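**Q** Got a structure for you, written out below as structure tokens; questions coming shortly.
The values are calculated or read from the model by the stated rules, or taken from the named source; none is laboratory data. Computed from a prediction, not measured in an experiment: that's the story for all the values here. Reconstructed Cβ throughout: ideal geometry from the backbone, glycine too, with neighbour counts over all protein chains shown. We work out accessible area using only protein heavy atoms, side chains counted, and drop any ligands, DNA or RNA first. Shrake-Rupley method; radii C 1.70, N 1.55, O 1.52, S 1.80 Å.
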Amino acid sequence: MKTSTKESYFKRIDKVVGFISDQVDNNPSLETLANVAAISPFHFHRVYRAITGETPSGTLRRLRLAKACLLLKDPGKTVTEIAFEVGYDSSQSFAKAFRASTGFSPTEIKRTPGALDRAVIALAGPVGVPKTDSGKIEVKIVSVDPIKVIAARHLGPHKGLFQAYGEFFNYAEKA
């Protein structure tokens, strides 16, 4: 594939990811997403998956679960209320999807210190950039003392990030 074609696809898919993150409370159709990318629906689905490592519906589901993480911080909301708010038909289907994606049940998130941070990390993806109310990316420049940093590359679906971060947490606890 030519470099210019790859760059074009990356730009188009980036535009779609932004659209999905803005439409997390809706359910945009494959045709709508393909139109945003200006690619045929069949071709769009293949290109999207090749670039992001997940399907468009997988991205939408992951973003809804990330939103649920934020809602789980509210002690006044029940798991059932949160399930409905993020688009699930029942608390059972929500809990099953949440556990499959994060390794935690929603109830564990509410009760276990540190579990929320690990769940958010497991759900992090290409659209996890902080934005202001106007939708613009928030950039802050700060000075910090030098620190040691460890890094590892994860290739594969976002679902595997939970295990990769778990290895980091285990390493950090021993250090």
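**Q** I'd like to check something: does region 87-104 contain any residue that is in a helix (DSSP H, G or I), in contact (Cβ under 8 Å) with a residue 40 or more places away in the chain and touching a Gly at 6+ places or on another chain (Cβ under 6 Å)?
**A** No, that holds for no residue.
**Q** From the residues in region 28-39 that are assigned to a helix (DSSP H, G or I) and open to solvent by 50 Å² or more (accessible area, probe 1.4 Å), which one is nearest to K15 (Cα to Cα)?
**A** N35
**Q** Conditions: (1) touching a Phe, Trp or Tyr at 6+ places or on another chain (Cβ under 6 Å); (2) touching a residue at least 40 places away in the same chain (Cβ under 8 Å). I20 meets all but one. Number of the miss?
**A** Of the numbered conditions (1) touching a Phe, Trp or Tyr at 6+ places or on another chain (Cβ under 6 Å); (2) touching a residue at least 40 places away in the same chain (Cβ under 8 Å), the odd one out for I20 is (1).
**Q** Go through region 58-80 and report how many residues are β-branched (V, I, T), part of a helix (DSSP H, G or I) and open to solvent by 20 Å² or more (accessible area, probe 1.4 Å).
**A** 2
**Q** Residues F19, F42: which one is aromatic (F, W, Y), under 16 Å from the mean Cα position of the chain (by Cα) and open to solvent by 20 Å² or more (accessible area, probe 1.4 Å)?
**A** F19
**Q** Still on this structure, I have one more. In region 105-117, what residues are modelled with pLDDT of 80 or more and not in a loop (DSSP other than H, G, I, E, B)?
**A** Here is the first cut: in region 105-117, the ones modelled with pLDDT of 80 or more are 105-111.
If the condition is that a residue be modelled with pLDDT of 80 or more and not in a loop (DSSP other than H, G, I, E, B), then P106, T107, E108, I109, K110, R111 are the ones that fit.
**Q** Considering region 45-57 alone, what residues qualify as being open to solvent by less than 50 Å² (accessible area, probe 1.4 Å) and either part of a loop (DSSP other than H, G, I, E, B) or at pLDDT below 90 (or both)? Write out each step before concluding.
**A** Within region 45-57, the subset open to solvent by less than 50 Å² (accessible area, probe 1.4 Å) is 47-48, 52-56.
If the condition is that a residue be open to solvent by less than 50 Å² (accessible area, probe 1.4 Å) and either part of a loop (DSSP other than H, G, I, E, B) or at pLDDT below 90 (or both), then T52, G53, E54, T55 are the ones that fit.
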